Amino acid sequence: GCMLNGKLYPFGLIERTEDCYRCSCSQTQIQCCSLFGTPVSYDEEKCKIIVNKKRCDYDVVEKDDPSKVCSFQTRV
């Protein structure tokens, strides 16, 4: 298998890791890509990005009140 962030995964396609990546594991390498895009074009002084591992997505929330969602334009 392949070791990724301290966890052993089996050879083959890994649909979703604990850290929200899709990976391909072979005897010689592991290749991964993120399952979500990073939000851009938001108010960086007022807001922050936090990872939501349950949904494999980012939330953009106010720094002073994380219960309030900030708007953003797109993901990359």
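The values are calculated or read from the model by the stated rules, or taken from the named source; none is laboratory data. As the structure is a prediction and not an experimental result, all values here were calculated from the model. Neighbour counts run over all protein chains shown; Cβ positions are idealised from the backbone, glycine included. Surface accessibility is based on the protein's heavy atoms, side chains included, excluding ligands, DNA and RNA. Shrake-Rupley method; radii C 1.70, N 1.55, O 1.52, S 1.80 Å.
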Output the residues belonging to segment 7-42 that are at pLDDT 90 or above, more than 17 Å from the chain's Cα centre (by Cα) and not in a strand (DSSP E or B). PRO10, PHE11, SER26, GLN27, THR28, GLN29
What about VAL51, is it in a strand (DSSP E or B), touching a residue at least 24 places away in the same chain (Cβ under 8 Å) and in contact with a Cys (Cβ under 9 Å, 6 or more places away or on another chain)? yes
Take segment 23-37 and flag every residue that is hydrophobic (A, V, I, L, M, F, W, C) and either free of Cβ contacts under 8 Å to residues at least 12 places away in the same chain or more than 20 Å from LYS53 (Cα to Cα) (or both). CYS25, ILE30
Can you name the residue in segment 15-41 that is open to solvent by less than 50 Å² (accessible area, probe 1.4 Å) and hydroxyl-bearing (Ser, Thr, Tyr) and is also farthest from VAL60 (Cα to Cα) among such residues? SER26
Of all residues making up segment 12-48, the number that are touching a Cys at 6+ places or on another chain (Cβ under 9 Å), more than 25 Å from CYS2 (Cβ to Cβ) and not hydroxyl-bearing (Ser, Thr, Tyr): 5
Scan segment 54-69 for residues that are in a loop (DSSP other than H, G, I, E, B) and under 18 Å from the mean Cα position of the chain (by Cα) and report the count. 3
